[in-house]
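Trainee: I'd like to ask you about the structure that follows.
The values are calculated or read from the model by the stated rules, or taken from the named source; none is laboratory data. None of these values were measured; they are calculated from a predicted model. For neighbour counting, all protein chains shown are included, and Cβ atoms are generated from backbone atoms with ideal geometry for every residue, glycine included.
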Amino acid sequence: MNLLTVTLQAQGGADMSFLIMMIAIFAIMYFFMIRPQNKKQKEIRKFREGLEVGQSVITAGGIYGKIKELEDNAVVVEISPSVKIKVDKNSIYPDAQAQSGK
């Protein structure tokens with residue numbers, strides 16, 4: 001019994017350093033992985049809420065076009081003159097080329 005007590009007391013310092021190391025790893029993961037992803041999702045959600053007719057967009061499938069109509073959960077996108085497709089709002093992303101002025 002005495003040997004078990006000595007062994008547990010000797011590991012007490014190791015437990016504290018392990019706990020500090022785990023907290024540091026979680027903090028690093030939060031600031032380099034979780035936080036930037038949440039920020040990006042918030043920007044995309046804000047973009048989707050502010051969609052307007054005539055805006056250049058890209059679909060999740062990689063199709064570039066301009067918005068012609070807005071519906072509750074869908075968007076009608078013109079991808080070529082007189083060619084329109086209906087796409088779910090959740091699969092619409094900002095057209096980076098149109099925003100950068102190219």
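Trainee: Go through the range 37-69 and count every residue that is part of a helix (DSSP H, G or I) and touching a Phe, Trp or Tyr at 6+ places or on another chain (Cβ under 6 Å).
Mentor: 0
Trainee: Please find, among I28, I23, the residue that is more than 21 Å from the chain's Cα centre (by Cα) and not basic (K, R).
Mentor: After applying the criteria, what remains is I23.
Trainee: Residues of the range 22-73 being among the hydrophobic types (A, V, I, L, M, F, W, C), in contact with a strand residue (DSSP E or B) (Cβ under 7 Å, 6 or more places away or on another chain) and farther than 12 Å from Y93 by Cβ, which ones?
Mentor: If the condition is that a residue be among the hydrophobic types (A, V, I, L, M, F, W, C), in contact with a strand residue (DSSP E or B) (Cβ under 7 Å, 6 or more places away or on another chain) and farther than 12 Å from Y93 by Cβ, then V53, I67 are the ones that fit.
Trainee: Also, quick follow-up: Given the condition in a loop (DSSP other than H, G, I, E, B) and either at pLDDT 90 or above or out of contact with any helix residue (DSSP H, G or I) (no Cβ under 7 Å at 6 or more places or on another chain) (or both), answer yes or no: does some residue in the range 12-35 qualify?
Mentor: Looking through the range 12-35, none of the residues is in a loop (DSSP other than H, G, I, E, B) and either at pLDDT 90 or above or out of contact with any helix residue (DSSP H, G or I) (no Cβ under 7 Å at 6 or more places or on another chain) (or both).
Trainee: List the residue pairs whose Cβ atoms are under 9 Å apart, where the first residue sits in the range 17-34 and is surrounded by 10 or more Cβ atoms within 10 Å (Cβ to Cβ), the second is of a type outside the set (K, R) and modelled with pLDDT under 90, and the two are 6 or more positions apart or on different chains.
Mentor: Cβ pairs passing all conditions: none.
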